[in-house]
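A short write-up of the structure that comes next.
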Amino acid sequence: MALTDMSIEELRSYRPEVPEPPDLDDFWAGTLKAARGAATGPATYEPVTDPAPATVEVFDVRFPGWAGQPVAAWLILPRGLPRPLPVVVTYIGYGGGRGLSTEHLFWSAMGYAQLVVDTRGQGHDTPDPDPVPFPQLTYGFMTRGIGHRDHYFYRRAMTDCVRAVDAVREHPDVDPERVIVSGISQGGGLALATVGLARDTVAAALIDVPFLCHYRRSAEIASEGPYPELVRYLGRHRRVDPAVVFDVLNHFDGLHFAARAAAPALFSVGLMDPVCPPSTVFAAYNRWAGERADITVWEFGDHAGGWGSQPVEQVRWLAERG
């Protein structure tokens, strides 16, 4: 990889003007109200005993997400610690799901509960039954339903993420005042959306190399990953007005969610990231309206950012905030 974006000095002051849709707040308020109204019951928690780790309790979760549809998750609780516990709600990267519960033991080892949220249509346990057919060929989840904001994939996915916070706050072993959202890449973008949309219920955010930020610039300069799907889509569908597509995407841009945040956040960025260019990460970071935002800069990091070193930074950062 090569350093192909801005210098670190330019990044720290990069604050592009991306006008918000005038109906953004009404759009999301209506979306979340409808999802909450569609729920037919609370989340369910089934104990998992195969395998049965000695250090944690694991539950197979189903909670009502978009349109009340069941979304899968793992709830992992460390044994032997006083409860209620702070909880890390983790969202997953592009194309992945919650996987196996045994893949997610770091936060319990650090003394936190963890809710690992499946991604609809991408994991094995949460389908994406959109009732509206897609009128044009799509190239992945990046362009699924992109013809209209109401049918865009990330409307459903982001709604699921907010509803995950709603659900876990009601669990008796979780402290509802200490909910932390987290994720890498797509997961980072979903965490960013959640802290903006559920601003009164999120205590902190851990946002690593976030996707779903500053779509226009991302489409113009990202050389790998999902953003080139937009380029292929618009290149093939030459009768589609790009301005219409980017207006749809503007309802899901992390820059606008950052401007609505209230909680503190720790970001991370790799300056040689070809998937989520650093300028798009800093564009969100520099708009953060929350209590405080810090960023860990990995000078020679690619899309993996700081690899296994970043969670250590996160634990230290959270400890400093009590």
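The values are calculated or read from the model by the stated rules, or taken from the named source; none is laboratory data. Because the structure is predicted, anything quoted here is derived from the model rather than measured. Glycine gets a Cβ as well: all are built from the backbone with ideal geometry, and neighbour counts include every protein chain shown. We work out accessible area using only protein heavy atoms, side chains counted, and drop any ligands, DNA or RNA first. Shrake-Rupley method; radii C 1.70, N 1.55, O 1.52, S 1.80 Å.
Tabulated data
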| quantity | calculated |
| --- | --- |
| Farthest toward positive dipole pole in region 8-320 [+1 Lys/Arg, -1 Asp/Glu at C-beta], among ASN286, VAL18, LEU206 | VAL18 |
| Accessible area of the chain belonging to carbon and sulfur atoms, whole % at 1.4 Å probe | 53 |
| Solvent-accessible heavy-atom area per residue, rounded to whole Å², over the chain at 1.4 Å | 42 |
| Span-like helix ranges in the chain, DSSP H, alpha carbon extent 18 angstrom or more, Kyte mean at least -1.0 | 24-38, 153-168 |
| Region 67-120 and region 144-210: distance between their alpha carbon centers, rounded to Å | 13 |
| Loop trypsin sites (Lys or Arg not before Pro), region 214-322, which have at most 15 other Cβ atoms in a 10 Å radius of their Cβ (DSSP) | ARG238, ARG239, ARG292, ARG321 |
| Dipole moment magnitude, nearest 20 debye, region 15-71 about Cα centre, only Lys, Arg, Asp, Glu C-beta charged | 140 |
| Accessible-area order (highest first, 1.4 angstrom probe) of the listed residues THR44, THR201, THR194 | THR44, THR201, THR194 |
| Histogram of C-alpha separations across region 129-223, 5 Å bin width, % | 3, 12, 19, 20, 18, 14, 8, 4, 2, 0 |
| Accessible-area order (highest first, 1.4 angstrom probe) of the listed residues TRP317, TRP66 | TRP66, TRP317 |
| Residues with amide H under 5 Å from that of THR296, placed H, sequence gap 5 or more | PHE267, SER268, VAL269 |
| Global form of region 162-296, assessed from the alpha-carbon gyration tensor, a/c cut-off 1.5 | prolate |
| Mean separation of Cα contacts under 8 Å (6+ apart) over length of the chain, as relative contact order % | 17 |
| Sorted largest first, extent of the chain alpha carbons per principal axis (Å) | 57, 45, 33 |
| Burial order of peptide ranges 206-213, 163-170 (average beta-carbon count within 10 Å, highest first) | 206-213, 163-170 |
| Electrostatic dipole magnitude of region 17-150 [Cβ: Lys, Arg +1; Asp, Glu -1; Cα centre; debye, to 20] | 320 |
| Most fluctuating residue given options VAL48, VAL269, VAL281, as computed from a GNM of the chain linking Cα atoms under 10 Å | VAL48 |
| Antiparallel DSSP beta bridges within the chain, as percent of all bridges there, nearest 5 | 40 |
| Mean ellipticity per residue at 222 nm, deg cm²/dmol - from DSSP H runs of n ≥ 4 across the chain, formula -39500 (n - 2.57) | -9000 deg cm²/dmol |
| Coil-residue trypsin sites (Lys or Arg not before Pro) of region 68-155, DSSP, other Cβ within 10 Å capped at 13 | ARG79 |
| Percent antiparallel among DSSP beta bridges (both partners in region 53-147, rounded to 5) | 75 |
